[in-house]
Amino acid sequence: MGEETTIPVSASGVVPMSTCNSFERKNNFGTRGWSIIFIEAALLWISSGSVVHGLNIILPAVSSTYNLDYTKLLALATPASWASILAGFLGAKVCERKGPKFLILFSLAIGGLCFGLLGTWGTTTGFVTLFAIVCFFDSSFAYVGGPSLIANWFPRKKGLALGWCTMGQTFSTATYVPFLAFMFATFGVQRGFWGIPVVMLVMFIVVAVVATNTPEQSGCTPDNAPMTALEIEESNREQESYVCPFTTRQLLGMKDVWFMGLSFGGIYIVIVGLLSQFVPRLTAIGYDQGTAILYLSVAAIVGVPGAYIWGWLSQKIGIKKCAIAYALWYTAALILNIFELNTITLWISLLMIGEALGGATNMSMSIVAEKFPRRAFVKAWGIVNPIQSVVRCSAFAILAFGLTNLGGYSGAYCLLAVVAVISVILIWKTDTTPISS
């Protein structure tokens, strides 16, 4: 199960904090461990594409096919996407009771069916209803069930594992829309929508055959650390009998829960603000739209290895320091965008934004898994994730205020920079010491 070593492991399957940190930066996840990482990467590819990137082609296709008002579809897609917030809470409840594997399989089935039907219900109400269901279940399998698997399988290497996983999310930015466009061009809009459910069906089979809620259930060990068969059996019994010692009310009363939710919600505001306005910002200073879109695609490609780099760094210096560095990184990118961009500052900003695309998803999950290890993660994540999502939803309102009242892009980005600095302070105030359960 990996390299020969003498890493000590507790009965709960967690490598002690005192262990040499080099162990946590090794990619020896084991064959089954790598399969879990691949599963979450694929789930993130599907979900982020279906809920976010895919709208670039989904809305025009549905609008033109059924002669629906594009502006109305776009306006209603935003509140429909808020179903993802509810998924963070309810999905965690299901995951806590039935396990992440059940949640992933159930959500893949319902989410895939509803996504395929998007091309057949030719009314605005039908589209918005189906899209809300897609948002709910796609968020459930990719942002609740998948992270819970990662937290269970890699309690000490979660940052590194999520670094690999979030490559799938970043890769989706560059590949999901071309794939869906190919399906529409080849099979037509109505049948082309079923291309994604076919991918989801493949993932359903893979998860059903390969995944287990904990590594112990597969005869493996957390982080692929060496354990005897007796220790694995003991750890498995402990995990199966585990009951989170905290209630929802108790978690809501913890300041660190709020700090984690608000800080990364703020970071998501910054990311949404930069990404959603990157193309309009470039066209405003003289670039044509095609070039601006190309530059954004370049940023997405750069972000694929960047997702791993942030995961590795979080293992190297610790999740708290890494998260602070990440927020400051985006602050610097914002400062570059406050002033009129020249070719040099444009490409520096472009590379900085792209390289950091996958980091937020990684660290927003990792910091919760650091405070609430393994089976405790899903309970806490079911509170922190909705807080992050609610805060993130204010991104466009903040942007609109800045663009309207603070002198355009410079004023709007100054406002985002303030949000980033507030996030740094909140992360700095967060106590990431693991809970004792």
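The values are calculated or read from the model by the stated rules, or taken from the named source; none is laboratory data. Just so it is clear, the model here is predicted, and its values are computed rather than measured. Cβ coordinates were reconstructed from backbone atoms using ideal geometry, including for glycine residues, and neighbour counts include every protein chain displayed. Protein only, heavy atoms only, side chains kept; ligands, DNA and RNA dropped before computing areas. Shrake-Rupley method; radii C 1.70, N 1.55, O 1.52, S 1.80 Å.
When you look at GLN289, is it out of contact with any His (no Cβ under 8 Å at 6 or more places or on another chain) and buried (at least 23 other Cβ atoms within 10 Å of the Cβ), yes or no? Write out each step before concluding.
Working: out of contact with any His (no Cβ under 8 Å at 6 or more places or on another chain): yes; buried (at least 23 other Cβ atoms within 10 Å of the Cβ): no.
Considered against the rule, which asks whether it is out of contact with any His (no Cβ under 8 Å at 6 or more places or on another chain) and buried (at least 23 other Cβ atoms within 10 Å of the Cβ), GLN289 comes out as no.
Give all pairs with beta carbons closer than 9 Å in which a residue from the range 28-39 that is more than 11 Å from PHE154 (Cβ to Cβ) meets a residue that is basic (Lys, Arg) and surrounded by fewer than 16 Cβ atoms within 10 Å (Cβ to Cβ); count only pairs at least 6 apart in sequence or on separate chains.
none
Restricting to the range 358-368, what's the tally of residues that are within 10 Å of the chain's Cα centre (by Cα) and either in a helix (DSSP H, G or I) or surrounded by fewer than 24 Cβ atoms within 10 Å (Cβ to Cβ) (or both)?
The qualifying residues number 7.
Matching residues to (1) of a type outside the set (D, E, K, R); (2) touching a helix residue (DSSP H, G or I) at 6+ places or on another chain (Cβ under 9 Å); (3) touching a residue at least 24 places away in the same chain (Cβ under 8 Å):
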position	(1), (2), (3)
ARG237	no, yes, no
TYR268	yes, yes, yes
LEU275	yes, yes, yes
ARG281	no, yes, yes
ALA284	yes, yes, yes
TYR287	yes, yes, no
ALA292	yes, yes, no
GLY303	yes, yes, yes
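I'm trying to understand the selection: among the residues of the range 207-233, which are open to solvent by 20 Å² or more (accessible area, probe 1.4 Å) and under 25 Å from the mean Cα position of the chain (by Cα)?
Answer for the range 207-233, where residues must be open to solvent by 20 Å² or more (accessible area, probe 1.4 Å) and under 25 Å from the mean Cα position of the chain (by Cα): ALA208, VAL209, VAL210, THR212, ASN213.
One line per residue, one yes/no per condition, for (1) among the hydroxyl-bearing types (Ser, Thr, Tyr); (2) within 28 Å of VAL302 (Cα to Cα); (3) open to solvent by 10 Å² or more (accessible area, probe 1.4 Å):
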site	(1), (2), (3)
LYS379	no, no, yes
VAL384	no, no, no
VAL391	no, yes, yes
ILE398	no, yes, yes
TYR409	yes, yes, yes
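Checking the conditions here, which among LEU90, LEU68, LEU74 is assigned to a loop (DSSP other than H, G, I, E, B) and open to solvent by 20 Å² or more (accessible area, probe 1.4 Å)?
Details: LEU90 fails: assigned to a loop (DSSP other than H, G, I, E, B); LEU74 fails: assigned to a loop (DSSP other than H, G, I, E, B).
Sole residue among the options that is assigned to a loop (DSSP other than H, G, I, E, B) and open to solvent by 20 Å² or more (accessible area, probe 1.4 Å): LEU68.
Just to verify a result, which residue in the range 140-189, among those that are touching a Gly at 6+ places or on another chain (Cβ under 6 Å) and without any contact (Cβ under 8 Å) to a residue 60 or more places away in the chain, is most open to solvent (accessible area, probe 1.4 Å)?
MET183
Inside the range 179-230, can you point out the residues that are under 19 Å from CYS95 (Cα atoms) and charged (D, E, K, R)?
Within the range 179-230, just GLU216 meets the criteria.
Exactly one of these conditions fails for ILE57: (1) touching a Gly at 6+ places or on another chain (Cβ under 8 Å); (2) among the β-branched types (Val, Ile, Thr); (3) more than 15 Å from TRP164 (Cα to Cα). Give me its number.
With (1) touching a Gly at 6+ places or on another chain (Cβ under 8 Å); (2) among the β-branched types (Val, Ile, Thr); (3) more than 15 Å from TRP164 (Cα to Cα) applied to ILE57, the lone miss is (1).
Within the range 47-79, count every residue that is under 19 Å from the mean Cα position of the chain (by Cα) and among the hydrophobic types (A, V, I, L, M, F, W, C).
3
Please indicate, with yes or no, whether at least one residue in the range 295-307 is in contact with a Cys (Cβ under 9 Å, 6 or more places away or on another chain) and modelled with pLDDT under 90.
There is at least one residue in the range 295-307 that is in contact with a Cys (Cβ under 9 Å, 6 or more places away or on another chain) and modelled with pLDDT under 90.
With respect to the numbered conditions (1) closer than 30 Å to ARG374 by Cβ; (2) aromatic (Phe, Trp, Tyr); (3) free of Cβ contacts under 8 Å to residues at least 24 places away in the same chain, which one is the sole condition not fulfilled by PHE137?
For PHE137, the failing item is (3).
Please list, ordered by residue number, the helices (runs of 4 or more DSSP H) wholly in the range 369-437 having 3 or more residues that are under 20 Å from GLY311 (Cα atoms).
So the answer is 377-392, 409-429.
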